[in-house]
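Only one structure is covered here, and it is reproduced in the block below.
Laboratory data are not the source of any read-out in this text; all were calculated from the coordinates shown. Source: prediction; values computed, not measured. Heads up, the Cβs are rebuilt from the backbone with ideal geometry, glycines too, and the neighbour counts pull from every protein chain shown.
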Amino acid sequence: SGFNNFKQRDLAEQILYLPLDTPQNAKEFITLIQPDIAIFIKYEIWVNYFHVLKQKNIPLILAPAVFRPEQIYFKAFARSFFTPILRNISSILVQNEASLKLLEKHNIRGAEICGDSRFDQAIANKNQDYPAEKIEQFLGKSFCLALGSSWPPEEDILEQSLPSFPNVKVILAPHDVSPSNIKRIETKFSPFGVSKFSEEKWATENAILLIDNIGHLKKLYRFADFALIGGGFGAGLHSTVEAIVYGIPVAFGPKHYKFIEVAEYIQLSFGFEVKTSDEVLHILQKLEDKNLRLKLRDDIEEYLSHKTGAADKISAKVLQLLKRLS
């Protein structure tokens, strides 16, 4: 969970679960910690906490927020309840212009566009050093497909696709790295040859490098020419941002409508919705053209040039509100 992830990082004086959003919990918690400012992230609209913060004149930032017409805040039966809550937020920073226009349509003024801080974090990950020699030896000069945070549907597609591309190397990182699931995947792909990441030696004749521990995927995308991202067939699409920052095209299952960046990838022709192995094969055939891969990399770099800076904008807003308190 996010809690366990951040427990391992030295980012805060206290890392804890926020008590449930009840009037009593909100009042007791805010009274206990006495914050100078509060920041809630993306979709986290905690009504009772927002009410207590407003009562105590504590500045509240919601960022980097995303709003869509189908959300409950904009439904006819709920607008009269949620509109005052949104208007009382000190500063709303949204990811895109569509969110800004939607708020304005409902007379919620003063929001600003900041972008998506996930791109800043992903680029920071990309810029960190990572040992390359062993992986480069395994991959050689082969085309590399990364299957990131995979679930069985993506693994089935890969299994059906590989016989048509015998020279492809695959970095396969399942979402579940339990011993039983790793064993299942190892058995499933044994005809293609599997080396496990945790093993000391990797047989270069094997097609699959199976990532059997966590924490590496976001750095391993740097070795790929193309990524198939897991979760888009039902479980919930995993991060495409971690892959796209390396300038590689990405594919994903059909359940991605909540992710505004995925719609942008598709529109700009470096993101692909897939449902079958035939569709993946078609993409792989196109990407055999190195010139096309270079063009897509340039297109992605241009796209990314407009996506960074959200963290700086949010930080600036925090400092601005804090200065008003001093």
Taking Y257, Y17 and counting other beta carbon atoms within 10 angstrom, the fewest-first order is Y17, Y257
Quick one: if you stick a label point 7 Å off each Cα along the C-beta vector at Y257 and R297, how many nm between them?
-> 3.6
Which aspartates and glutamates have a Cα lying under 16 Å from the Cα of K188, excluding residues fewer than 8 positions away in the same chain?
-> E154, E155, D156, E159, D176, D212
Under the Karplus relation 6.51 cos²θ - 1.76 cosθ + 1.60, θ = phi - 60°, what is the ordered set of whole-Hz ³J(HN,Hα) values for the range 211-228, x standing for Gly and Pro?
-> 7, 9, 8, 9, x, 9, 3, 4, 9, 6, 4, 4, 8, 9, 9, 6, 10, 10
Cα-centre dipole for the range 130-305 with unit charges at Cβ (Lys and Arg positive, Asp and Glu negative), debye to 20 | 220
Förster radius 30 Å - calculated FRET efficiency between K7 and R87, Cβ distance, rounded to 0.05 = 0.30
Calculate, for K27 and T308, the FRET efficiency according to 1/(1 + (r/R0)^6) with r their C-beta to C-beta distance and R0 41 Å; round to the nearest 0.05.
-> 0.60
Quick one: of K42/K196; K27/K317; K56/K255; K27/K218, which pairs are farther than 31 Å apart, Cα to Cα?
-> K42/K196; K56/K255; K27/K218
In the range 130-305, what % of DSSP beta bridges are antiparallel (nearest 5)?
-> 0
Calculate the dipole size of the chain relative to its Cα centre from +1 charges on Lys and Arg beta carbons and -1 charges on Asp and Glu beta carbons; express the result in debye to the nearest 20.
-> 1160
Cα-centre dipole for the range 213-326 with unit charges at Cβ (Lys and Arg positive, Asp and Glu negative), debye to 20 | 660
Please work out the Cα center distance from the range 173-196 to the range 261-326, rounded to the nearest Å.
-> 29
Hz values of 3J(HN,Hα) by residue in the range 237-244 - Karplus curve (6.51, -1.76, 1.60), Gly and Pro given as x = 4, 7, 5, 8, 5, 4, 8, 5
Violating pairs (Cα-Cα greater than 27 angstrom) within the set K54/K258; K105/K258; K141/K219; K105/K313 | K54/K258
Please identify the trypsin sites (Lys or Arg not before Pro) of the range 209-268 that satisfy two criteria: DSSP loop assignment and at most 16 other Cβ atoms within 10 Å. Which are they?
-> K255, K258
Within the range 9-102, list the GluC sites (Glu not before Pro) lying in a DSSP loop whose Cβ has at most 15 other Cβ atoms in a 10 Å radius.
-> E13, E44, E70
Quick P(r) readout (the range 233-326; Cα-Cα; 5 Å bins; whole %) gives 2, 12, 19, 19, 16, 10, 7, 5, 4, 3, 2, 1, 0
Hey, could you grab the Kirkwood Rh for the range 130-305? Inverse mean 1/r over distinct alpha carbon pairs, Å, one decimal.
-> 16.1
Alpha-carbon gyration tensor eigenvalues x 5, square-rooted, for the chain, Å | 41, 22, 19
What FRET efficiency do you get for I214 and A235 if R0 is 25 Å and r is their Cβ-Cβ distance, rounded to the nearest 0.05?
-> 0.90
Note, ³J(HN,Hα) from phi for the range 6-12, Karplus 6.51, -1.76, 1.60, rounded to Hz, x at Gly and Pro | 6, 4, 8, 10, 8, 10, 8
Spin-label model distance (nm) - R68 vs S190, 7 Å beyond Cα toward Cβ | 4.2
What is the set of long-range amide H partners of K196 at a cut-off below 5 Å, with H atoms built 1.01 Å from backbone N?
-> L210
Name the residue farthest towards the positive end of the dipole of the chain from the options Y265, G247, I89, assuming +1 on Cβ of Lys and Arg, -1 on Cβ of Asp and Glu, about the Cα centre.
-> I89
